[in-house]
Each structure stands twice: as C-alpha cells, then as structure tokens.
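Shown next, in structure tokens, is the structure this report addresses.
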Amino acid sequence: MFENNVTRRGFVTGAAAVAGLAGLSTIAPGLASADPKINDQHTEAEIQAAEAGALAMMTFQKIDGTPVYYWRSNRGNTTARNWQATDAFYNALVAWIRDLRSLSSGYGSISYIVSAGFYVNKPGQHGAGTAMDLDHVRWSGGNTISPLDKHHASSNAAIRKRYLATEAVCRRRFRYVLDGWYNADHADHIHSDFGGMPVRVLKDSESDTKFVQAVCNNFRASGLVIDGDWGTNTQNAFNGLKSKLGVTGDPHTSSSVWQSMLSKIATKGFANQNI
C-alpha cells in the first residue's frame, strides 16, 4: 500500500493502521461537538521544519501513486516534496484518494494534488501528523478544483458544485473538514483531520451545518443563510436533500449512512447536476 519512497520513523501500532481503511471509527473515539478553531496557515519555515521528520511519522511524496506538490512559495511547482503523517492517517489518505478517483472517474485519472501541509511542527492535528490541507486537484481530462483560488466563492455554479463534491469526498474519511464557508482562515484550502471520529453529520457542528447549508443552496437553490445554525429552515432543506438522494437511515448517528449520502452528493457535484 505504501509508496516505494516511504521511510519509516518510529512505530505505529498495526491496529491503528488498519483502522485507517476501516472507517476509522476506532481513532479518537467519542465526540467533540464543538469544531476546532485552527490557524493552519502554515509558513514556509514550518513546512521545511516538518520535512526534517518526526518520531512515529512516515515520509511520502505520493498518495497511492498520485504526486503531492506544494505551491505556496512557488505556484505551479512540480518538484517532489517529502511529506510526513502517521501510518494510520496515510492509510486514510489512500482510502480518500481512491474514493476521489472512483467518484470523479468521468474526469479521468488524478494527475496530481497540491497541499499546504500534512504534519507541521505546531500544536493540534497537524502537529500530530493527522491532518491535511488541500489546495488543488488536477485530473487528466483537464478539470481542476482549486480551494487555493477560493473556488467555493466562484461565480460559476459548476465549479462550486465541484468544490462541494471534493469536500464531500473528504468528509467520507475525515471527521473535521473546514472549508471556505467555515471561516476566512480556510478560504484558500480545505482542512481535513482525524479529530472527533467517527464521521457523521452533527447538528451542533458549525462545520457540518455550513456544509449542509452550502450543499442545499448550490444543488437545490434553498436560499439558506450559511450561518452554521441548524434551525428549522436548515432541517427542512436537509430533509428534502436526503429524500431526493434516496437516503434511508440516520446520517446523524450512522457513519455508513452519512458516507453513502456524501457519495451521492459527490457524484452529482462532479456531474454538475442539481439534486
């Protein structure tokens, strides 16, 4: 599963690594209902410090064969770069990129992705080696999605749907996903991490609520205020979304139901279809 250029530093238990591809429900069990307040605008110095490595981290330049570049200091750069993460988080990244390939298969293969950081030498999920900041994805067919270019705020509805489709795939594998609607700090990337696993949609999560509101507005013209408050209007819009997608079960308590719903949202988004 790991790339040929992987080097191991320290030891991560096999159980944690296996959990990475098994829905990750055993990682960080329980629930932190409040979203993390993360300042993950990483500096070049922090990225370079991370390249020096850390205990219990593995090093990679590709995720399941797909190159991962860094553009913050040199836009368009395709020089290979060493990234670090825990084994379990890398396994989750493999599951994530395979989901992305499958759900966006109409675009061709994924040529490369661009990140603003995985392990970074600072507190929080990045410092634990269990977070990713996604800046850009390019497919072989020529399509792209670029949180770095604030595509969540694009005037093109198809691009906004593609952004939300990409985010939906992130949400299938990672609990906390923070996007351009969440706050200004995340206007130029999508942050994904292991905090508060397992995955599901929670009414008291600002991040989850804003994602649902953005999906309902962009796919169903619901006219919601994207304020992170799960009120009556958001509930009614979510019920309509769930019904139109043919989702049965409770995505608030069941990871599998929520993951299935996210797959359907992603499929519609990559196809530029309303719901």
Any chance G124 is modelled with pLDDT under 95 and either at positive phi or open to solvent by 20 Å² or more (accessible area, probe 1.4 Å) (or both): yes
Residue check for K161: over 29 Å from A128 (Cβ atoms) and in contact (Cβ under 8 Å) with a residue 24 or more places away in the chain: yes
So D208, is it buried (at least 20 other Cβ atoms within 10 Å of the Cβ) and either closer than 14 Å to Y163 by Cβ or of a type in the set (D, E) (or both): yes
Tally, over the range 244-259, of residues that are open to solvent by 50 Å² or more (accessible area, probe 1.4 Å) and within 22 Å of R160 (Cα to Cα): 1
Any hit, the range 144-161, residues being at pLDDT 95 or above and on the phi > 0 side of the Ramachandran plot: yes
Meets criteria (over 28 Å from T144 (Cβ atoms) and open to solvent by less than 10 Å² (accessible area, probe 1.4 Å)) for T234: yes
Given (1) within 15 Å of F60 (Cβ to Cβ); (2) open to solvent by less than 20 Å² (accessible area, probe 1.4 Å); (3) under 16 Å from the mean Cα position of the chain (by Cα), number of the condition S104 does not satisfy: (1)
Restricting the range 174-197 to residues that are of a type in the set (F, W, Y) and in a loop (DSSP other than H, G, I, E, B), the residue that is nearest to the chain's Cα centre (by Cα): F174
Helices (runs of 4 or more DSSP H) lying entirely in the range 198-275 (those with 3 or more residues that are under 20 Å from the mean Cα position of the chain (by Cα)): 206-220, 255-270
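The values are calculated or read from the model by the stated rules, or taken from the named source; none is laboratory data. Not measured: the values here are computed from a predicted model. So basically every Cβ, Gly included, is an ideal-geometry build from the backbone, and we count neighbours across all protein chains shown. Accessible surface is based on the protein model in full, side chains and every heavy atom, while ligands, DNA and RNA are left aside. Shrake-Rupley method; radii C 1.70, N 1.55, O 1.52, S 1.80 Å.
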